[in-house]
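Please read the structure below before turning to the comments.
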Amino acid sequence: MTLSTRYNPKEVEKGKYEFWKNKGYFKAGENLTKTRFSMVIPPPNVTGKLHLGHAANTTIQDIIARYKKAQGYDVLWIPGMDHAGIATQAKVEAKLREEGISRYDLGREKFLEKAWEWKREYAESIHAQWAVMGLSLDYSRERFTLDEGLNKAVRKVFVDLYNKGLIYQGERIINWDPVQRTALSNIEVIYKQDKGEFYYFKYHLVGKEDFLVVATTRPETMFGDTCVIVNPKDNRYKHLIGEYCINPANGDKLPIIGDEYVDIEFGTGAMKCTPAHDPNDFKIGEKYGFKPIICMNEDATMNSICGKYEGLDRFECRKQLVEQIKLDGNLIKIEEITHEVGHSERSDAVVEPYLSKQWFVKMRPLADQALKNQTGNKTITFYPERFNKVFTSWMEKVDDWCISRQLWWGHRIPAYYHKVTNEVRVSIEPPDDMENWKQDEDVLDTWFSSALWPFTTLGWPEKTSDFKHYFPLDLMVTAYDIIFFWVSRMIFQSLEFTSEPPFKKVLIHGLIRDSQGRKMSKSLGNGVDPFEVIEKYGADALRYFITTTSTPGQDSRYIEEKVESSANYINKIWNAARFVLGVLPIDFKPCAINVHDLNPLDKFIMAKLESTIEAVTYNMERYELGNASTHLYNFVYDDFCSWYLEMAKVTLNGENIKAKENTYQVLFRVLKAIIMMIYPYTPFVSEELYQNLPEHKESIMLESYPTIDKSFVDQGAIEEVETLFKLIKDIRNYKVENDLAPNAKIKLYIFDPKRIYQKYVPYLERFTFASEIIFEDNEDNLKNHILFIYDLAQFALEDNIDKEKIILKLTSELEHVEKEIQRAEGMLANPNFVTKAPKNKVDAEKEKLLNHQNHRKILLEKIAKLK
RNA sequence: GGAUGUUUAGCUCAGCUGGGAGAGCAUUACCCUUACAAGGUAGAGGUCGGGGGUUCGAUCCCCUCAACAUCCACCA
């Protein structure tokens with residue numbers, strides 16, 4: 001197989017995924033003696049196409065999975081999807097609406113059939129998308145949040161919590177979504193700044209000629225008013241406590257109550273109380289024994305108590321009612337205000353606080369358990385750490401969780417009501433005499449089943465070998481926006497039901513925004529389809545881009561140029577590989593390298609490789625994917641491509657057979673290590689290159705990650721080579737500064753009594769275009785030349801430039817050196833530094849000082865000679 | 001009102017426990033040098049948001065101010 005001159009992602013990516021999958025490489029548990037590493041995918045909703053956020057989230061996991069596998073772990077990564085109750089039901093309903101039918105026309109059974117059809121269709125599409133991205137998921141263990149096993153687990157959890165008193169049914173003010181016609185939990189409500197009106201109405205006092213003014217933003221709820229409240233300390237109103245006033249909406253007589261809850265400063269200081277439509281009012285209503293009056297239907301139209309407004313939408317009612325009150329002469333004024341209005345996360349409908357009978361999870365005991373866990377020895381480690389605080393502070397003040405939803409698509413609540421006695425029975429299986437019972441119509445919040453994901457995917461509540469072997473999970477990777485929805489709930493449910501945290505570590509990543517930093521959304525139309533990007537640049541480039549351009553926990557922007565530059569980087573590696581594979585002899589056999597046989601250039605690149613492996617591994621272990629990639633990137637571009645490969649060309653053109661053989665070994669070894677380190681990020685192209693290596697295994701997925709071998713580090717060789725590189729750069733620079741062509745011929749003198757640089761003559765010829773290289777043993781003979789002075793040797797070019805210019809250049813260099821000497825001396829003279837700083841820092845500083853002093857001496861001598 | 005994050009080159013962002021400021025894109029000059037022009041070589045471009053403090057030394061630690069962003073809680 002020969003490689004094309006350009007990296008072509010389409011060709012490279014073709015067929016690879018099927019190959020891996022069919023070979024069974026994604027399957028865990030093939031060798032249980034290996035240390036395990038387990039993860040589950042955050043299940044995407046079966047509502048549509050995957051977006052960039054999914055791509056980022058899953059790529060991070062895939063990188064870690066592939067890295068761990070290459071390191072010899074038994075990696076389990078379980079795929080799955082979420083039924084996404086409200087979201088999916090909304091989509092299915094929308095689709096039905098296009099056909100002109102509603103879910104009520106179909107009925108529950110038929111509707112669920114449609115929903116399952118939808119699920120199958122989208123599951124297939126999601127599978128295809130995972131494949132395009134190259135995710136190494138173990139499909140033999142795939143789960144769905146609404147599958148049978150999950151359903152059994154959900155029922156068990158519900159019943160157990162109920163029996164422990166941690167689930168209860170209650171009549172409470174909940175957030176009602178009138179479009180979806182379901183209750184929501186508090187965190188499914190999004191508060192947005194909305195413009196509204198503050199209406200000031202006259203409430204006439206009963207039996208008096210006077211009135212008081214009550215202000216409200218929600219006149220339509222006045223039909224549910226039970227009283228008017230004032231602060232007993234408020235001198236304006238305290239004499240009215242115990243009196244009655246008239247509700248201007250319906251003429252009802254309302255008692256005037258005194259309660260300190262009312263803020264004297266706010267509004268008019270007199271507040272209407274609507275227990276059935278406001279959580280605070282509900283508490284007050286309870287306190288004073290007022291029966292809540294519901295004035296709306298489930299779709300937020302006004303109900304029968306509202307007289308002529310019955311059947312009107314709440315906002316239309318508001319309009320007409322205000323008009324009526326105005327006609328009655330009871331409107332004082334309308335004030336424009338901006339206030340926070342709750343919207344449904346899914347439908348965006350304005351949420352109606354609504355008194356309703358729902359099921360709740362009693363959170364306090366569960367939250368406390370979770371908080372306690374974070375102080376014990378099974379603490380879940382958050383990456384980055386600060387998200388632990390986000391988690392704990394939410395847990396500290398969490399409200400009870402409303403878990404019932406008036407939907408059809410979801411886990412049906414295992415509660416049964418006796419048709420005659422109204423007895424409530426909560427049980428995993430329906431009562432034997434089911435004909436006498438009626439099951440609760442509602443389903444559970446999607447997140448109720450998602451919360452069980454880390455252990456139900458492993459077969460819980462059955463005592464499966466997977467559960468025993470892979471639980472708790474080693475890592476969970478998810479974005480910060482679902483810490484409350486998901487992470488925290490997994491934690492408390494797991495602690496409650498398995499007595500273990502669900503995972504040991506949780507890696508929190510940010511969101512991907514558009515190039516202007518805005519959140520991607522349908523309404524803005526600024527979403528980026530990852531599969532269009534892949535079409536253009538390849539999955540590897542997208543994977544590299546999304547996982548390397550940001551820092552953990554931080555949002556990042558989608559910048560197309562960066563995807564392009566990722567593809568360019570891949571192309572760079574591609575071509576470096578092409579070169580190496582092109583020069584290796586046909587009969588090349590990788591073999592062990594003896595470090596003593598290597599030339600300094602080989603030693604240099606091997607040492608650099610070792611430190612790169614070390615840095616990459618260090619950062620991979622901490623999930624710093626960006627840092628790890630930067631280290632590799634620098635190594636690939638600078639050390640390997642710019643220097644070593646170019647130098648190797650000279651070696652390979654030479655006559656020294658042994659040196660060539662060593663270089664082949666080194667080239668191969670470095671290339672392979674590069675491929676292995678980039679592999680988790682860019683598996684497709686890495687596999688392609690790997691398959692072209694001599695003596696490769698069946699797949700890169702069976703290959704091991706490079707390990708650190710310090711034996712190659714030879715400080716002397718590195719110094720020698722770095723001086724060589726510095727000279728080459730200085731000469732290139734000199735040519736530019738003096739308007740010489742890069743390939744201008746030069747005559748190079750070397751003052752190097754030890755003849756260290758003798759062996760580099762062919763390299764210097766190629767890199768500096770030296771036509772002649774002369775070893776000069778009399779330093780004085782160089783005094784009229786342009787000098788390059790290093791610690792190991794001096795180099796000189798013949799030049800006609802005047803002495804003044806040379807002196808000027810040397811003097812400025814001297815100044816620089818003087819400064820450095822001052823700095824180093826200052827540091828070393830400081831007892832605090834010498835005694836407190838780490839020894840290696842002190843030693844490094846001492847060495848720097850010596851070098852600088854030496855350098856200064858040379859410069860001074862040179863200047864003296866020129867004068 | 002609480003909390004968190006951000007502020008570094010023209011743009012987008014890195015910068016690991018304080019020890020000489022980096023990348024990509026854009027930009028300038030010169031190179032089609034036999035792996036790569038989706039490239040190479042050499043540059044230019046930063047009082048590291050402002051002000052204090054700790055330290056021999058601060059982009060990094062502490063205090064403070066400002067701007068922006070996000071989350072949480074919210075008075076009808």
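Results, tabulated for the structure shown:
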quantity: Conditions (1) in a loop (DSSP other than H, G, I, E, B); (2) under 29 Å from A:Asp328 (Cα atoms); (3) within 13 Å of RNA strand B (Cβ to nearest atom): number failed by A:Gly242; calculated: (3)
quantity: Filter result (in a loop (DSSP other than H, G, I, E, B), charged (D, E, K, R) and open to solvent by 30 Å² or more (accessible area, probe 1.4 Å)) within the range A:213-238; calculated: A:Arg218, A:Lys233, A:Arg236
quantity: Of all residues in the range A:103-146 being acidic (Asp, Glu) and surrounded by 16 or more Cβ atoms within 10 Å (Cβ to Cβ), the one that is nearest to A:Tyr73 (Cα to Cα); calculated: A:Asp138
quantity: Given (1) part of a loop (DSSP other than H, G, I, E, B); (2) charged (D, E, K, R); (3) without any contact (Cβ under 8 Å) to a residue 12 or more places away in the chain, number of the condition A:Glu93 does not satisfy; calculated: (1)
quantity: Output for the range A:690-740, where each listed residue is in a loop (DSSP other than H, G, I, E, B), within 16 Å of RNA strand B (Cβ to nearest atom) and open to solvent by 50 Å² or more (accessible area, probe 1.4 Å); calculated: A:Ile708, A:Asp739, A:Leu740
quantity: Some residue of the range A:788-798 being modelled with pLDDT under 70 and within 59 Å of the chain's Cα centre (by Cα); calculated: no
quantity: Only one of A:Lys649, A:Lys660, A:Lys608, A:Lys572 that is over 30 Å from A:Ser136 (Cα atoms), of a type in the set (Lys, Arg) and within 14 Å of RNA strand B (Cβ to nearest atom); calculated: A:Lys649
quantity: Top-ranked residue of the range A:475-521 - restricted to ones that are within 16 Å of RNA strand B (Cβ to nearest atom) and basic (Lys, Arg), ranked as nearest to A:Asp74 (Cα to Cα); calculated: A:Arg489
quantity: Conditions (1) away from RNA strand B (no atom under 16 Å from the Cβ); (2) open to solvent by 30 Å² or more (accessible area, probe 1.4 Å): number failed by A:Tyr749; calculated: (2)
quantity: When residues of the range A:398-445 are limited to those that are surrounded by fewer than 16 Cβ atoms within 10 Å (Cβ to Cβ) and basic (Lys, Arg), the one nearest to A:Ser102 (Cα to Cα); calculated: A:Lys438
quantity: Flag if A:Phe201 is part of a strand (DSSP E or B) and buried (at least 21 other Cβ atoms within 10 Å of the Cβ); calculated: yes
quantity: Matching residues in the range A:363-397 - criterion: being crowded, with 18+ Cβ neighbours inside 10 Å and touching a Pro at 6+ places or on another chain (Cβ under 7 Å); calculated: A:Asn373, A:Ile380, A:Tyr383
quantity: Test for A:Ser565: is it among the hydroxyl-bearing types (Ser, Thr, Tyr), open to solvent by 30 Å² or more (accessible area, probe 1.4 Å) and closer than 20 Å to A:Pro9 by Cα; calculated: yes
quantity: Count of residues meeting criterion [in contact with a helix residue (DSSP H, G or I) (Cβ under 9 Å, 6 or more places away or on another chain), among the aliphatic types (A, V, I, L, M), open to solvent by less than 60 Å² (accessible area, probe 1.4 Å) and in contact (Cβ under 8 Å) with a residue 40 or more places away in the chain] in the range A:811-867; calculated: 5
quantity: Considering residues of the range A:57-90 that are farther than 30 Å from A:Leu32 by Cα and part of a helix (DSSP H, G or I) only, the residue most open to solvent (accessible area, probe 1.4 Å); calculated: A:Ala90
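The values are calculated or read from the model by the stated rules, or taken from the named source; none is laboratory data. Being a predicted model, the structure only gives us computed values, none of them experimental. Glycine gets a Cβ as well: all are built from the backbone with ideal geometry, and neighbour counts include every protein chain shown. Quick note on the areas: whole protein, heavy atoms, side chains included, nothing else; ligands and nucleic acids left out. Shrake-Rupley method; radii C 1.70, N 1.55, O 1.52, S 1.80 Å.
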